[in-house]
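Quick notes on the structure that follows.
The values are calculated or read from the model by the stated rules, or taken from the named source; none is laboratory data. None of the values given here were measured: they were computed from a predicted structure. For neighbour counting, all protein chains shown are included, and Cβ atoms are generated from backbone atoms with ideal geometry for every residue, glycine included. Ligands, DNA and RNA are stripped out before the accessible areas are found, and what is left, the full protein with its side chains, is counted by its heavy atoms. Shrake-Rupley method; radii C 1.70, N 1.55, O 1.52, S 1.80 Å.
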Amino acid sequence: MIKFPNKLFYFSILPSTILYLAILFISNLYDIKLSLVVRDLAQTCGYPIGVGMISNIGILLWGAAASICFFTTFLERINKESSKLLLLGGIFSSLLCIDDLFLLHDRYIGPDFLNLTYIAISIFLLVRFRRILKIIGLFNLLISILFLGLSVFFDGVIQQIFNQNYEFTQLFEEGFKFIGIACWLNFWCKASSNALKFGNS
């Protein structure tokens with residue numbers, strides 16, 4: 001007789017079912033058609049595959065960074081300092097992913113508050129884990145932050161100055177952001193690899 005795994009139920013089936021039903025319930029409260037909630041956005045809008053592709057790939061990269069961090073964090077062979085760093089990396093990457101996916105900075109919370117939050121977390125990350133970051137390769141993380149910072153600069157400053165050329169300046173904003181996300185993923189892959197390599201040493 002096959003025994004049903006409890007962890008599968010409590011960590012996968014139950015949470016996903018609750019989330020699915022909660023989203024349907026909340027959507028129904030706001031009179032959003034349930035068929036629009038469950039269907040893919042591209043399918044609903046009927047846009048070609050290229051529409052939003054850069055943004056979608058960027059979101060996948062955020063999610064990949066978060067997944068790698070969380071997966072490595074909870075391995076028993078990882079030392080506590082690496083585990084704490086990767087946990088923060090996973091939480092931070094998840095926050096950035098959710099922000100990018102649901103446009104929290106544009107529609108709900110506002111860019112100023114979120115940008116200040118991201119700066120505060122980045123400074124804490126750089127100061128609190130400076131020793132281990134040097135071992136992993138601090139340059140990779142700083143390059144990522146630089147590109148992401150340039151994206152925010154173009155969005156908040158340059159586009160306001162050259163608002164007549166919005167599409168042109170947005171190409172730079174999104175380009176810096178995309179490269180920054182790729183570098184972000186690269187750094188957390190290195191951090192995870194480093195944690196696995198040195199283990200509890």
*Extension gain residue 13-residue 108, at 0.36 nm per residue separation less the Cα-Cα distance, in nm?*
31.2 nm
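In segment 113-197, which chymotrypsin sites (Phe, Trp or Tyr not before Pro) fall in coil by DSSP and have 16 or fewer other Cβ atoms within 10 Å? Mind showing how you got there, number by number?
On the way: sites: 113, 118, 124, 129, 139, 147, 153, 154, 162, 166, 168, 172, 176, 178, 184, 187, 188; in loops: 129, 162.
Of the chymotrypsin sites (Phe, Trp or Tyr not before Pro), the ones in loops of segment 113-197 whose Cβ has at most 16 other Cβ atoms within 10 Å are 162.
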*Between residue 67 and residue 131, what FRET efficiency comes out of the Förster formula 1/(1 + (r/R0)^6) with R0 = 45 Å and r the beta carbon distance, rounded to 0.05?*
0.95
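With a 1.4 Å probe and all protein chains kept in place, how do 106, 31 rank by accessible area, largest first?
Details: 106 100, 31 140 Å².
Descending order: 31, 106.
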*Would you mind checking the radius of gyration and Dmax of segment 52-198 based on alpha-carbon positions, in Å?*
15.7, 55
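In the neighborhood of residue 173, defined by Cβ-to-Cβ distances under 11 Å, what is the net charge if each Lys or Arg adds +1 and each Asp or Glu adds -1? Provide the component values of the computation, followed by the final result.
Numbers: positive: 177; negative: 155, 167, 174.
That works out to -2.
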*With charges set only on the Cβ (+1 for Lys and Arg, -1 for Asp and Glu), what does the dipole of the chain come to about its Cα centre, in debye to the nearest 20?*
1100
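Could you give the length gained on full extension between residue 115 and residue 193, defined as 0.36 nm per residue of separation minus the Cα-Cα distance, in nm?
On the way: separation 78, 0.36 × 78 = 28.08 nm, distance 2.89 nm.
Value of the extension gain: 25.2 nm.
When the accessible area of segment 1-150 is split by element with a 1.4 Å probe, what percent falls to carbon and sulfur?
Numbers: 7480 of 10550 Å².
Using a 1.4 Å probe with all protein chains present, segment 1-150 comes out at 71 percent carbon and sulfur.
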*asked:* Give the average over all directions of the projected area of the C-alpha convex hull of segment 31-121, one decimal, in nm².
replied: 8.2
*Whichever lysines have a C-alpha closer than 27 Å to that of residue 190, once near sequence neighbours (fewer than 8 apart) are set aside*: 80, 84, 134, 177
*Once both labels are modelled 7 Å past Cα along the beta-carbon direction, what's the residue 101-residue 79 spacing in nm?*
3.4
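Given a 1.4 angstrom probe, what's the average accessible area per residue across the chain, in square angstrom? Before the final figure, lay out the partial values.
On the way: 13600 Å² over 201 residues.
Accessible surface, normalised per residue, equals 68 Å².
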